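**Student:** Before I ask anything, here is the structure I am working with.
Each value in this text was obtained by applying a stated rule to the coordinates, not by laboratory testing. Worth saying up front: this structure is predicted, and the values here are computed from it rather than measured. A quick note on method: Cβ atoms are made from the backbone with ideal geometry, for glycine too, and the neighbour counts reach across all protein chains shown.
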Amino acid sequence: MKIYNAKDYNDMSRKAANIISAQVIIKPDCVLGLATGSTPEGTYKQLVEWYEKGDLDFSKVRAVNLDEYKGLSKDNNQSYAYFMRKNLFDKVNIDLNNTYIPNGLEEDSKKECERYNNVIRALGGVDLQLLGIGGNGHIGFNEPGQAFEKETHCVELTQSTIDANARFFEDKELVPRYAYSMGIKSIMQAKSILLVASGKSKAEALYKAIYGEIVPSVPASILQLHNNVTIVADEDALSIIKEKGLL
Ligand code: PGA
């Protein structure tokens, strides 16, 4: 695992965007695994800036997202499909036909999970998977649990995730209770993984993910078994690791 210590959120965003843009330059038709949430917003903003300057071309890039709330349409402004268009897809020259995200409106979970697994397979795997980390150690919506879920599955969100995401909704009651998420096996099959983390609220999860036991109660801990993981985290997210003299 390579760990890059960013000064602050902006520095983290620029470093992460540099790694993604290198991937796009080296392999213009790469498959990017993308993530939503507050943490990658700055990364996407930086990529858009470099695209506008003419430094990046997304015309052949394929993008597959980690997760989507079950029950939200792609036009709902809290859906992850909407987030991706607002933060990246509508601002660069990616072909929307080459972008994939679970369909939140599909009620039949088995059918949607199978469909999405086939999408991931047909793409031939992910070249670079971007990940955030939840304060509870989740990656995608792979919540802490008894076992690592392998492929796309329908998740009942934990209370801590519902509480963390309530800030985006007018009313906590409106936060969806279920989501579709790519599984741990699909994430681990990515050729390379880039995890971004910012803020004190991520410090404990990050410490456990990198230095703790590999257990499904800390889903991100599985990343210790991947041979090409890069972590870009700011001072606050690395604070516990640094206090313990590990970095
Ligand atoms: P955040 O979410 O970037 O909004 O903190 C990250 C995550 O929960 O994976």
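**Student:** For region 122-159, give me each residue that is of a type outside the set (A, V, I, L, M, F, W, C), out of contact with any helix residue (DSSP H, G or I) (no Cβ under 7 Å at 6 or more places or on another chain) and more than 10 Å from the ligand (Cβ to nearest atom).
**Tutor:** G124, G125, G145, Q146, E156, T158, Q159
**Student:** With the condition kept exactly as written, say whether any residue in region 29-37 is among the small types (G, A, S), within 16 Å of the ligand (Cβ to nearest atom) and surrounded by 22 or more Cβ atoms within 10 Å (Cβ to Cβ).
**Tutor:** Checked region 29-37: at least one residue is among the small types (G, A, S), within 16 Å of the ligand (Cβ to nearest atom) and surrounded by 22 or more Cβ atoms within 10 Å (Cβ to Cβ).
**Student:** Sticking with this one: Taking S192, is it surrounded by fewer than 21 Cβ atoms within 10 Å (Cβ to Cβ), touching a strand residue (DSSP E or B) at 6+ places or on another chain (Cβ under 6 Å) and closer than 24 Å to R62 by Cα?
**Tutor:** Judged against the criteria, S192 is a match.
**Student:** Let me ask something else. Taking region 83-108, which residues are without any contact (Cβ under 8 Å) to a residue 40 or more places away in the chain and part of a helix (DSSP H, G or I)?
**Tutor:** R85, K86, F89, D90, L96, N97, N98, listed by residue number.
**Student:** Can you tell me how many residues in region 51-86 are farther than 30 Å from S109 by Cα and surrounded by 17 or more Cβ atoms within 10 Å (Cβ to Cβ)? Show your work before the answer.
**Tutor:** So in region 51-86, the residues farther than 30 Å from S109 by Cα come out as 51-60.
Subset that is surrounded by 17 or more Cβ atoms within 10 Å (Cβ to Cβ): 51, 56, 58.
Summing the residues that are farther than 30 Å from S109 by Cα and surrounded by 17 or more Cβ atoms within 10 Å (Cβ to Cβ) in region 51-86 gives 3.
**Student:** Name the single residue that is surrounded by the fewest Cβ atoms within 10 Å (Cβ to Cβ) among those in region 200-217 being in contact (Cβ under 8 Å) with a residue 60 or more places away in the chain and within 13 Å of the ligand (Cβ to nearest atom).
**Tutor:** Taking the candidates together, the pick is S201.
**Student:** Cβ-Cβ under 9 Å, sequence separation 6+ or interchain: first residue in region 34-55 and under 17 Å from M84 (Cβ atoms), partner of a type in the set (K, R) and within 12 Å of the ligand (Cβ to nearest atom). Which pairs?
**Tutor:** Hits for this filter: S38/R167; T39/K202.
**Student:** Taking D163 as the residue in question, decide whether it is touching a strand residue (DSSP E or B) at 6+ places or on another chain (Cβ under 6 Å) and acidic (D, E).
**Tutor:** no
**Student:** For a quick check of your reading: which strands (runs of 3 or more DSSP E) sit entirely within region 117-223 and have at least 2 residues that are within 28 Å of A22 (Cβ to Cβ)?
**Tutor:** 128-131, 192-197
**Student:** Considering region 1-28 alone, what residues qualify as being closer than 17 Å to L88 by Cβ and among the charged types (D, E, K, R)?
**Tutor:** Once the filter is applied, which keeps residues that are closer than 17 Å to L88 by Cβ and among the charged types (D, E, K, R), region 1-28 yields only R14.
**Student:** Within region 183-195, is there a residue that is under 22 Å from E41 (Cα atoms) and touching a Phe, Trp or Tyr at 6+ places or on another chain (Cβ under 9 Å)?
**Tutor:** Within region 183-195, none of the residues are under 22 Å from E41 (Cα atoms) and touching a Phe, Trp or Tyr at 6+ places or on another chain (Cβ under 9 Å).
**Student:** Among the numbered conditions (1) surrounded by fewer than 17 Cβ atoms within 10 Å (Cβ to Cβ); (2) β-branched (V, I, T); (3) within 16 Å of the ligand (Cβ to nearest atom), tell me where V119 comes up short.
**Tutor:** Among (1) surrounded by fewer than 17 Cβ atoms within 10 Å (Cβ to Cβ); (2) β-branched (V, I, T); (3) within 16 Å of the ligand (Cβ to nearest atom), V119 violates only (3).
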